[in-house]
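Taking it in order: structure first as structure tokens, then the write-up.
The values are calculated or read from the model by the stated rules, or taken from the named source; none is laboratory data. These figures come from a predicted structure and were not determined experimentally. Glycine gets a Cβ as well: all are built from the backbone with ideal geometry, and neighbour counts include every protein chain shown. Each accessible area value is taken on the protein alone, full model and side chains, heavy atoms only, with ligands, DNA and RNA left out. Shrake-Rupley method; radii C 1.70, N 1.55, O 1.52, S 1.80 Å.
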Amino acid sequence: MTDEWMVLAGDFPTPTQADWDREVLKALNRRRPPGSELTIEQAIKRLTTTTVDGIEIAPLYLKPEDQKIGYPAQMPFTRGATLPNPAAPWIVAQLHEDPDVARTTEEIQADLNAGATGVWLRVDKDAIKPKDVTAVLSGVHPEAAPVCVSSVSEQAEAAEALLDFFGSCGSTAAKGNLGIDPIAESAVSGSEVDLSELAEWVAKAQAFQGVGALTVDVTCYDSAGAGDIDQLAFAIATGIEYVRALEAQGVAPSDGFTQIMFRVAVNADEFLAISRIRALRRLWARVGEVLEVPEDSRGAVQHAVTSWRILSKDDPWVNLLRATIGCFSASVGGADVITVLPHDAVYGLPTNFSRRIARNIQLVAAEECHLGAVKDPAGGAWVFESLTEQLAEKAWARVQEIEALGGMAQALTDGKVGEWVAATAADRAAKIATRKIPLTGVSMFPKQDEAPLTDFFARPSRPRYAGLAPCRDSQVFEVLRDRSRGFEAQTGKKPTVLLACLGERRDFGGREQFTTNLLLVGGIEFSAIEGPTPEQIVAAAHAGGTEEIVLASSAAVYAAQGVAAAKAAKDAGLSVWIAGRKTELGDETANDLIDGEIFDGMNVVTFLTETLDRLGVAK
């Protein structure tokens with residue numbers, strides 16, 4: 001025992017920026033020839049990541065001079081609108097959208113009895129019907145478990161149904177949100193934006209102490225492919241539009257602020273997800289400051305939902321990891337309400353098992369990991385402070401663009417919002433296709449003999465809408481694997497490619513593994529022949545019933561054996577690809593023998609699509 005504080009790193013020298021620079025250069029220049037070494041500026045550039053919407057993530061962050069991070073529950077509320085409550089750090093709200101009244105009623109009760117503390121109903125033509133809202137909520141006490149609804153096709157009906165339920169409970173202490181969000185409705189349905197009745201909904205909501213009328217839901221933009229900056233900007237711009245419309249209808253901004261809840265998506269990039277939640281509070285507080293809203297009403301209430309766009313149908317168990325990261329990000333970022341989508345949500349309506357797992361992700365985070373015990377634990381970590389700053393500045397610039405166009409409703413009507421979303425989605429799609437953005441279990445490390453899930457409830461058909469359409473990141477690869485499954489169902493065999501592995505395993509091992517994993521992404525089977533002669537390659541291809549071969553080896557072996565192997569295969573009418581580059585054959589005249597190259601950074605989607613086409617796999 002001692003009265004002196006123990007300094008855990010006290011026996012080690014304090015590292016400096018120069019020490020770090022030296023280690024970086026040592027690592028990156030290890031195999032570079034003399035005279036071609038990188039400078040520290042070049043090295044840092046290589047280690048810096050730029051997201052699809054221009055946010056730079058540096059390899060190292062240091063505390064800026066005179067940087068003040070502030071405190072939770074104080075302006076500008078970057079660090080949280082309230083002080084921590086470890087006993088109830090956030091509302092655990094499960095999503096319910098099953099139109100089967102009996103099943104949904106049972107699921108809601110099961111959730112609340114097993115740890116959920118809130119209810120979210122999706123009321124739509126393909127979900128719960130407005131007339132069934134009171135029935136499915138039977139036994140729910142809204143003064144203890146807040147209830148919110150959302151809808152695209154039936155917002156007014158859903159809100160009225162929830163008001164009827166609140167009224168039937170005989171208490172004015174109900175908590176929840178009516179889900180009125182005309183701009184999100186327009187974004188999805190393609191209908192005109194109608195803000196004329198916002199004040200009427202606010203008046204109806206104010207009959208209950210804890211009920212808000214309006215939701216600013218930006219998850220529809222995330223599902224369509226929007227980036228972090230646009231989601232943040234659309235949220236703030238929509239909130240401004242609603243407050244402005246309410247003021248024109250006689251509702252003061254101070255009252256309008258208390259009626260709005262933001263619904264945001266959280267994905268598997270915890271750095272940006274955490275920072276975006278923090279930045280939204282900061283920006284919304286600034287809007288409140290300009291409008292002279294009382295300080296204690298400026299904190300943005302946020303409902304964070306794990307992103308639909310990042311869910312995959314192939315290897316859906318990885319969705320549990322994605323959901324866990326999203327939940328972690330939402331809790332650390334300070335979300336007030338969190339919903340974790342079940343891992344089988346892409347297949348259909350979830351089972352009791354998948355709902356329980358989704359719910360328990362939150363309960364473990366709150367009760368065992370104690371993530372809510374500290375408010376804004378990311379505060380003072382300079383990567384989060386920097387990203388929050390970048391997001392806030394860039395999003396505010398986009399908000400100003402939207403305001404110059406006449407506001408969020410006008411920008412949406414003019415198609416500008418769709419253009420921004422489409423541009424980011426296209427950039428992300430290009431990076432996904434080349435695996436610069438990897439999708440675990442889908443574009444990287446796919447399971448060879450994966451069996452699709454069969455235990456789920458079928459979803460009703462989604463209505464056709466004219467607005468933004470949801471598109472998951474993994475869909476482009478799922479289409480390829482579905483083609484291969486269909487081919488196997490029709491023919492009794494999988495589409496197959498032959499790997500001609502030249503030389504010894506030390507020569508071809510790395511490229512063989514790279515190629516086989518690439519083929520599995522498209523559900524393509526492979527057979528391999530090691531150390532073959534040209535004649536054996538042709539015989540193996542014919543025996544395996546394939547006209548596609550891939551040469552795999554080192555540059556040295558390619559130079560010695562590659563041309564002869566490729567010529568024999570081409571003379572036999574086979575399509576020949578090389579794992580690596582054509583130049584490794586050492587003979588420019590042999591380039592015509594090679595149909596294509598397989599290498600890191602190639603467009604995987606194009607390669608697999610064309611390979612399936614050549615193998616006769618139907619689309």
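With θ set to phi - 60°, apply the Karplus curve 6.51 cos²θ - 1.76 cosθ + 1.60 along the range 70-79 and write out the HN-Hα couplings as whole Hz, x wherever there is a Gly or Pro.
After applying 6.51 cos²θ - 1.76 cosθ + 1.60, I find x, 9, x, 6, 10, 3, x, 6, 4, 8 Hz.
How many angstrom lie between the C-alpha centres of the range 102-137 and the range 179-254?
The range 102-137 and the range 179-254 have Cα centres spaced 23 Å from each other.
What fraction of the DSSP beta bridges in the chain is antiparallel, stated in percent and rounded to the nearest 5?
On the way: 3 of 52 bridges.
Of all bridge pairs located within the chain, approximately 5 percent are antiparallel.
Could you pull the accessible area for Val301 with a 1.4 Å probe, rounded to 10 Å²?
Per-residue accessible area (Val301): approximately 60 Å².
Would you kindly calculate the mean projected area, averaged across all directions, of the convex hull enclosing the Cα atoms of the range 73-158, in square nanometres?
Details: hull surface 28.2 nm².
Computing the convex hull of the Cα atoms and averaging its projections yields 7.0 nm².
On alpha-carbon atoms, Rg over Rh for the range 407-550 using Kirkwood Rh?
Working: Rg = 20.9 Å, Rh = 18.6 Å.
Reported Rg/Rh, Kirkwood definition of Rh: 1.12.
Per residue of the range 602-615, in order, report the coupling 6.51 cos²θ - 1.76 cosθ + 1.60 (Karplus, θ = phi - 60°) as ³J(HN,Hα) in whole Hz, putting x for Gly and Pro.
Karplus values, whole Hz, x for Gly and Pro: 6, 7, 5, 5, 4, 4, 5, 4, 5, 5, 5, 4, 5, 7.
What accessible area, in Å² to the nearest ten, does a 1.4 Å probe give for Arg286?
Taking all protein chains as shown, Arg286 has close to 120 Å².
Contour minus end-to-end for Ala618 and Asp449, with contour as 0.36 nm per residue of separation and end-to-end as the Cα-Cα distance?
On the way: separation 169, 0.36 × 169 = 60.84 nm, distance 2.06 nm.
Answer, rounded to one decimal: 58.8 nm.
Give me Rg over Rh for the range 216-257, both radii from the alpha carbons and Rh done the Kirkwood way, two decimal places.
A ratio of 1.11.
What is the Cα centroid distance between the range 1-65 and the range 392-462, reported in whole angstrom?
32 Å
Grab the alpha carbons of the range 269-416, take their convex hull, and tell me the volume per residue in Å³. If you can, show how the numbers build up before the last one.
Details: hull volume 22.1 nm³, N = 148.
It comes to 150 Å³ per residue, whole-number rounded.
Quickly rank 384-392, 454-462, 34-42 as a protection proxy: mean count of other C-beta atoms within 10 Å, highest first. All intermediate terms of the calculation are to be shown ahead of the outcome.
Working: 384-392: 22.7, 454-462: 12.0, 34-42: 10.2.
Result, highest mean first: 384-392, 454-462, 34-42.
Hey, any idea what % of the chain's accessible area is carbon plus sulfur with a 1.4 Å probe? Mind showing how you got there, number by number?
Details: 14900 of 27850 Å².
Carbon and sulfur atoms account for 54 percent of the accessible area of the chain.
Just the number please: accessible area per residue for the chain, 1.4 Å probe, all protein chains included, in Å².
45 Å²
Tilt of helix 352-363 relative to the longest C-alpha principal axis of the chain, in degrees (0 to 90, nearest 10)?
70 degrees
Against the longest alpha carbon principal axis of the chain, how many degrees, from 0 to 90 and to the nearest 10, is the axis of helix 475-491 turned?
60 degrees
By how many degrees, between 0 and 90 and to the nearest 10, does the Cα long axis of helix 505-521 differ from the longest principal axis of the chain?
With rounding to tens, the tilt is 40 degrees.
With θ set to phi - 60°, apply the Karplus curve 6.51 cos²θ - 1.76 cosθ + 1.60 along the range 184-199 and write out the HN-Hα couplings as whole Hz, x wherever there is a Gly or Pro.
Result, rounded to whole Hz: 5, 4, 5, 4, 8, 7, x, 7, 6, 7, 10, 9, 5, 10, 4, 5.
Using alpha carbon centroids, what distance separates the range 330-360 and the range 549-619, in Å?
For the range 330-360 versus the range 549-619, the Cα centre distance is 44 Å.
Counting other Cβ atoms within 10 Å of each Cβ, which GluC sites (Glu not before Pro) in the range 233-297 have at most 12 and sit in a DSSP loop?
Numbers: sites: Glu241, Glu247, Glu270, Glu289, Glu292, Glu295; in loops: Glu292.
Of the GluC sites (Glu not before Pro), the ones in loops of the range 233-297 whose Cβ has at most 12 other Cβ atoms within 10 Å are Glu292.
Over 22 Å, how big is the tail of the calculated P(r) for the range 1-84, in percent of all Cα pairs?
59 percent
If r is the Cβ-Cβ distance from Lys493 to Leu321 and R0 is 41 Å, what FRET efficiency results, to the nearest 0.05?
The computed FRET efficiency comes out at 0.80.
Rg (Å, one decimal) plus Dmax (Å, integer) for the alpha carbons of the range 390-439?
Considering the range 390-439 through its Cα atoms, Rg and Dmax are 13.8, 38 Å.
If you build the Cα gyration tensor of the range 496-544 and take the root of 5 times each eigenvalue, what three semi-axes come out, in whole angstrom, biggest first?
On the way: eigenvalues 65, 48, 5 Å².
Three semi-axes, in Å: 18, 16, 5.
Given the whole protein assembly as supplied and a 1.4 Å probe, what does the accessible area of Arg322 come to in Å², nearest 10?
Only protein atoms counted, so the area is about 30 Å².
Name the long-range amide H neighbours of Val550: under 5 Å, sequence gap of 5 or more, or other chain; modelled H, no Pro or chain starts.
Leu498, Leu499, Ala500, Trp577
What per residue convex hull volume, in Å³, comes out for the range 337-452 when only alpha-carbon positions are used? All intermediate terms of the calculation are to be shown ahead of the outcome.
On the way: hull volume 24.3 nm³, N = 116.
Cα-based convex hull of the range 337-452, divided per residue, equals 209 Å³.
Please give the calculated 222 nm ellipticity per residue for the chain, where each DSSP H segment of at least 4 residues contributes -39500 (n - 2.57) and the sum is spread over every residue; nearest 500 deg cm²/dmol? List each step's numbers first, then the result.
Details: 21 runs with 260 residues, N = 619.
Helix-only estimate at 222 nm: -13000 deg cm²/dmol.
Taking amide H atoms as placed 1.01 Å from N in the peptide plane, list the residues 5 or more away in sequence, or in a different chain, whose amide H sits under 5 Å from that of His96.
Those lying under 5 Å, H to H, from His96 are Trp120, Leu121, Arg122.
Would you please give the residues with an amide H less than 5 Å from that of Val301, counting only those at least 5 places away or on a separate chain, with H modeled from the backbone geometry?
Sorted by chain and number, the residues that satisfy this are Phe262.
Return, for the Cα atoms of the range 527-619, the radius of gyration and Dmax in Å, separated by a comma.
Cα radius of gyration and Dmax of the range 527-619 are 12.9, 39 Å respectively.
How long are the three semi-axes of the equivalent ellipsoid of the chain, in whole Å, if each is the root of 5 times an eigenvalue of the C-alpha gyration tensor, listed from largest down?
So the three semi-axes of the chain are 49, 32, 23 Å.
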